1. Being in contact with a Lys or Arg (Cβ under 9 Å, 6 or more places away or on another chain) and within 18 Å of T19 (Cα to Cα) is the filter here, so list the residues in segment 278-298 that pass it.
2. Output the residues belonging to segment 223-241 that are β-branched (V, I, T) and outside any strand (DSSP E or B).
3. So in segment 267-298, with the set limited to residues that are in a loop (DSSP other than H, G, I, E, B), among the acidic types (D, E) and more than 13 Å from the ligand (Cβ to nearest atom), which one is farthest from D105 (Cα to Cα)?
4. Could you list, in sequence order, the residues of segment 27-55 that are in a helix (DSSP H, G or I) and within 6 Å of the ligand (Cβ to nearest atom)?
5. Please verify whether segment 160-175 includes one or more residues that are closer than 20 Å to L228 by Cβ, at pLDDT 95 or above, of a type in the set (S, T, Y) and not assigned by TED's automatic domain parsing to the domain that holds A21.
6. Yes or no: segment 140-154 includes at least one residue that is within 13 Å of the ligand (Cβ to nearest atom), surrounded by fewer than 18 Cβ atoms within 10 Å (Cβ to Cβ) and under 24 Å from the mean Cα position of the chain (by Cα).
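The values are calculated or read from the model by the stated rules, or taken from the named source; none is laboratory data. Values in this document were obtained by computation on a predicted structure and should not be read as measured data. Note: ideal-geometry Cβ built from the backbone for every residue, glycine included; neighbour counts use all protein chains shown.
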Amino acid sequence: MADRHAAHLLIGGGIASATAAATLRAEGATGSVLLVGRELDAPYHRPPATKEYLRGSASKADALVHPAGWWAENDVELLTRTSVTALDPEARTATLSTKETVSYDTALLATGAMVRRLSLPGTELDGLHYVRALMNADMLKRDLASAEARHVVLVGGSYIGCELAASLTEMGFRCTVLMLEEEPMERGFGPRVGRHVRALLEAHGVTVRGGVDVEGFAGAERIERVLLAGGEELAADAVVAGVGATPDVMTARKAGLALGDLGGVACDAGLKTSADGLWAAGDMCEYESVLHGRTTRIEHEDLAAKQGAHVARAMLGSTAPFAEVPYFWTDLADWSSFEHVGAAKDWASEELDGTPGSGPFGVRYLDEQGRLVAALSADGGGDLDAARAELAARVPA
Ligand SMILES: Cc1cc2nc3c(=O)[nH]c(=O)nc-3n(C[C@H](O)[C@H](O)[C@H](O)COP(=O)(O)OP(=O)(O)OC[C@H]3O[C@@H](n4cnc5c(N)ncnc54)[C@H](O)[C@@H]3O)c2cc1C
């Protein structure tokens, strides 16, 4: 016999769960809703951690998904600082870190992702940072101030590394981006846009070095030098690594749920896991995408929210497949903003609308048959709405 019962149990305190809670109420769910999240704070948006929150132009309250009073007003119970330590999908019960057991009718597993950590000599030294939570941004700022840091090295040239380089430059630090690939953001946007991103960063004083293999760090107590393959050493006052994230499937694995080849929890086209009454959403959800025609797992805030909303409707009886077109944005301070739809793994050719470096532009990414697979809008260029509609029309009826 469980200690208590929730009609809808939401496991994980991120955007996916928070949006599921709101959608349940918006769709008229009358049963009890319980959200269990491990972090100290109520669900918040992570994107500001490398952008306006880091720069100090947005507060923690600004970053909350729902304002503080929302939970009580909407009769959603929020348990922060609490983990689900065990889940029994057969019995439909969860055990909390408070030792309480909760039985449920339907549940959402949205445990998100964890930063990938570097495994290199010298990573035990002070001055190495990762940014996943708002708290990490606080710690980074405090550390840079107390170490009187001037030069920050960013390891990784994808969105997180580039956003941090832009924000930290705006905050007065000298920044160097080091990456294995040749151009920043080229893995998502292609080398042509990558060269444009490099030019943008360099125009603001960021040093950008591609084809660089970081082999470790050296210093007395804190990092003083970054060691590069080939023997070069680069002086640094602090390092922030943005080298990706891994889906957090610890709870799912312990519960015996099927996992996918992409590292997430395996879900069907409607986001249901291998257990009845249990769905997944967000960064750790690996689903059979009717839009992409393949299994996929995507780490975008907007998609996590839409998946959370989809699961809420599934909890209330909908059997629709999840067919949203993935949308993603990234900002380089207020220098430039990129929006992207489609989440294509690869493409055969690119069509440009405008010229990178001469104002807003768009890129259409096409497959070998010339069909649109993704589109990018830089500073509002191109026609993202048309691209989104074109991609959405691809979903079989
Ligand atoms: C710094 C940063 C910047 C980003 N910027 C952008 C951007 O500009 N644009 C964009 O589209 N996307 C961006 N993203 C990605 C976006 O934030 C993620 O896709 C989104 O946060 C995923 O939401 P989620 O709910 O799946 O997971 P998460 O936000 O990871 O939330 C999961 C939560 O569940 C908790 N949890 C895990 N296990 C348990 C358990 N057993 N019990 C209880 N709680 C548990 C975790 O502690 C965590 O709080 C950014 C991400 C980061 C880190």
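1. L278, W279, A280, A281, D283, M284, C285 - these are the residues of segment 278-298 that are in contact with a Lys or Arg (Cβ under 9 Å, 6 or more places away or on another chain) and within 18 Å of T19 (Cα to Cα).
2. First, pick out the residues of segment 223-241 that are β-branched (V, I, T): 223, 226, 239-240.
Listed by number, the list holds a single entry, I223.
3. Taking segment 267-298 and keeping what is in a loop (DSSP other than H, G, I, E, B), we get 268-271, 273-277, 281-284, 290-293, 297-298.
Filter again for among the acidic types (D, E), leaving 268, 276, 283.
From the residues that got through so far, the ones that are more than 13 Å from the ligand (Cβ to nearest atom) too are 268, 276.
Working: D268: 19, D276: 10 Å.
Ranking the qualifying residues of segment 267-298, first place goes to D268.
4. The initial filter retains those residues of segment 27-55 that are in a helix (DSSP H, G or I), namely 47-50, 52-55.
Result: P47, A49, T50.
5. Checked segment 160-175: no residue is closer than 20 Å to L228 by Cβ, at pLDDT 95 or above, of a type in the set (S, T, Y) and not assigned by TED's automatic domain parsing to the domain that holds A21.
6. Taking segment 140-154 and keeping what is within 13 Å of the ligand (Cβ to nearest atom), we get 140, 154.
Add one more test, that the residue is surrounded by fewer than 18 Cβ atoms within 10 Å (Cβ to Cβ), and what stays is none.
No: zero hits.
Okay, residues lined up against (1) away from the ligand (no atom under 15 Å from the Cβ); (2) part of a strand (DSSP E or B); (3) under 16 Å from A387 (Cβ atoms); (4) touching a Gly at 6+ places or on another chain (Cβ under 6 Å):
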residue	(1), (2), (3), (4)
H310	no, no, no, no
S318	yes, no, no, no
W329	no, yes, yes, no
H340	no, yes, yes, no
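So that you can scan it fast, the table gives a plain yes or no per residue for (1) buried (at least 16 other Cβ atoms within 10 Å of the Cβ); (2) in contact with a helix residue (DSSP H, G or I) (Cβ under 6 Å, 6 or more places away or on another chain); (3) over 25 Å from M139 (Cα atoms); (4) among the hydrophobic types (A, V, I, L, M, F, W, C):
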{"position": "R253", "(1), (2), (3), (4)": "no, no, yes, no"}
{"position": "T273", "(1), (2), (3), (4)": "yes, no, yes, no"}
{"position": "E288", "(1), (2), (3), (4)": "yes, no, yes, no"}
{"position": "L291", "(1), (2), (3), (4)": "yes, no, yes, yes"}
{"position": "L303", "(1), (2), (3), (4)": "yes, no, yes, yes"}
{"position": "S318", "(1), (2), (3), (4)": "no, no, yes, no"}
